[in-house]
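The values are calculated or read from the model by the stated rules, or taken from the named source; none is laboratory data. As the structure is a computational prediction, the values presented were derived from the model and not from experiment. Note that each Cβ is placed from the backbone with ideal geometry, even for glycine, and that neighbours are counted across all protein chains shown. Only protein heavy atoms, including side chains, enter the accessible area calculation; ligands, DNA and RNA are left aside. Shrake-Rupley method; radii C 1.70, N 1.55, O 1.52, S 1.80 Å.
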Amino acid sequence: MSSEMKKEKIDSKEEEAAVKEIWKYVLGFTPMAIVKCAIELRIPDILQKHDTPMTLAELASELGCSSSSLYRIMRFLIQYKIFQEKPISDTSLGYALTPLSRLLTRHGKQSMADFVLLESSPVMLAPWHKLSAMVLGSQNTPFEAAHGVDLWKFASANSSHSKLINDAMACDARNAVRAVIGGCPEVFEGLKTVVDVGGGDGTALGLIVEGCPWIKGINFDLPHVVSVAPAWKGVQHVGGSMFDHIPKADAAYLMKVLHDWGDDECIDILRKCREAIPKDTGKVIIVESIVGLEENHEYEDVVLMLDMVMIAHTSTGKERTLKEWSCLFDDAGFTRYTIKQIRSFHSVIEVYP
């Protein structure tokens, strides 16, 4: 076979693959929408409570819905390995959970259900339709173009959406903190006090104190956030703005906060952190993703998707490369930093005055 014929054959296969691949983008919203539907119907929770796989009739009866539409939804979710079919008898099958659907139960320790509900909500989806206008030079960010104000002002004025954000951040925090404590518990050794800057409802810090009971925690966030935060043993809720001041502690903890802000705001926040910690013994513990980090390449697609979320939902936020992080630390007056990898798309960065 000539080289030209080989090339034509390769091109033909690539074109065939492209014709198939394009449908992932034409109908790409479908998996998110159907997973959201399953969460809202509480299908993962119903199957979890059932001791054995449930037949279609049993599940439809529990939900009080049509078997025909439910069958089609479950068929789709089985194709995507959200659920599975298991034998009940020689002649019948029932629905059961998979590792993926266990992450979609509403109150599981590793649940990501609230995060799915946040990102699939009409409020968070609307800005994506404004993305091209922003790229072409619109003065409004996508979120502002969709809702008239930025995300934080919208949340402060809409308690239901604020709760949606806090619940999503809490479920994300449960998984991230577990990875931090499991992967590098030494970052908390020797600390008596830790302030979680932008700590939301206190879930992250509550779990840190639970795992490191010698630590006294200060959960610091905006007043409307901490005013509805639940009580956590060993954690004090304090309201305020991280751009004004940060409560003093042995260490400041920032988990997925800095990626919401531009470089100038991050430098300001980091300087406030530096003022809040002891000059000789203090540190800032940052849990964030790092774009292009070779040691974490298996999560690179997640990191790049999050960077697109930052464009759609924040004014100046972004995911950063190691070089970009290093420049921020230098400009904020820090002298050195270390990076630790954990079993997550996050990295743990310890930054020292």
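The figures follow:
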item	result
Region 195-223 residues that are farther than 17 Å from R178 by Cβ, paired with ones that are surrounded by fewer than 20 Cβ atoms within 10 Å (Cβ to Cβ) (beta carbon under 6 Å, 6 or more apart)	V195/P247; K216/T193; I218/Q236; I218/V238; I218/P247; F220/V238; F220/P247; P223/G239
Filtered residues of region 95-151 (kept if surrounded by 20 or more Cβ atoms within 10 Å (Cβ to Cβ) and among the hydroxyl-bearing types (S, T, Y))	Y95, S101, T105, S111, T141
Those helices (runs of 4 or more DSSP H) lying entirely in region 91-161 with at least 1 residues without any contact (Cβ under 8 Å) to a residue 40 or more places away in the chain and among the hydroxyl-bearing types (S, T, Y)	131-135
Only one of Q48, Q79 that is within 19 Å of A113 (Cβ to Cβ) and open to solvent by 90 Å² or more (accessible area, probe 1.4 Å)	Q48
Region 211-237, subset within 22 Å of A155 (Cα to Cα) and assigned to a loop (DSSP other than H, G, I, E, B), residue least open to solvent (accessible area, probe 1.4 Å)	A229
Checklist (1) open to solvent by less than 20 Å² (accessible area, probe 1.4 Å); (2) under 16 Å from I285 (Cα atoms); (3) touching a Pro at 6+ places or on another chain (Cβ under 8 Å) applied to G240, failing item	(2)
Residues satisfying the stated conditions in region 292-305, i.e. on the phi < 0 side of the Ramachandran plot, open to solvent by 30 Å² or more (accessible area, probe 1.4 Å) and of a type outside the set (D, E)	H297, Y299, V302, L304, M305
Region 260-273: number of residues that are over 18 Å from F188 (Cβ atoms) and crowded, with 21+ Cβ neighbours inside 10 Å	4
Residue check, K283 open to solvent by 60 Å² or more (accessible area, probe 1.4 Å), more than 23 Å from the chain's Cα centre (by Cα) and not hydrophobic (A, V, I, L, M, F, W, C)	no
Candidates S326, S344, filtered to the one that is among the polar types (S, T, N, Q), more than 23 Å from A173 (Cβ to Cβ), out of contact with any Cys (no Cβ under 9 Å at 6 or more places or on another chain) and open to solvent by less than 70 Å² (accessible area, probe 1.4 Å)	S326
When residues of region 306-323 are limited to those that are open to solvent by less than 20 Å² (accessible area, probe 1.4 Å) and touching a Ser or Thr at 6+ places or on another chain (Cβ under 9 Å), the one farthest from V351 (Cα to Cα)	A312
Answer residue from region 184-210, given it is assigned to a helix (DSSP H, G or I) and under 24 Å from A113 (Cα atoms) and is most open to solvent (accessible area, probe 1.4 Å) among those	E210
Subset tally (residues that are in a helix (DSSP H, G or I), out of contact with any Gly (no Cβ under 7 Å at 6 or more places or on another chain) and either closer than 21 Å to E265 by Cα or of a type in the set (A, V, I, L, M, F, W, C) (or both)) for region 292-320	11
Search result, residues across region 78-93 that are of a type outside the set (S, T, N, Q) and either out of contact with any Ser or Thr (no Cβ under 8 Å at 6 or more places or on another chain) or modelled with pLDDT under 95 (or both)	I78, Y80, E85, K86, P87, I88, D90, L93
Cβ-Cβ under 7 Å pairs, at least 6 apart or on other chains, region 53-73 side within 17 Å of S101 (Cα to Cα), far side basic (K, R)	P53/K86
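Conditions (1) more than 19 Å from I88 (Cβ to Cβ); (2) open to solvent by 90 Å² or more (accessible area, probe 1.4 Å); (3) of a type in the set (V, I, T), marked per residue:
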{"position": "L27", "(1), (2), (3)": "yes, yes, no"}
{"position": "M32", "(1), (2), (3)": "yes, no, no"}
{"position": "V35", "(1), (2), (3)": "yes, no, yes"}
{"position": "A38", "(1), (2), (3)": "yes, no, no"}
{"position": "I43", "(1), (2), (3)": "no, no, yes"}
{"position": "M54", "(1), (2), (3)": "no, no, no"}
{"position": "E58", "(1), (2), (3)": "no, no, no"}
{"position": "L63", "(1), (2), (3)": "no, no, no"}
{"position": "L70", "(1), (2), (3)": "no, no, no"}
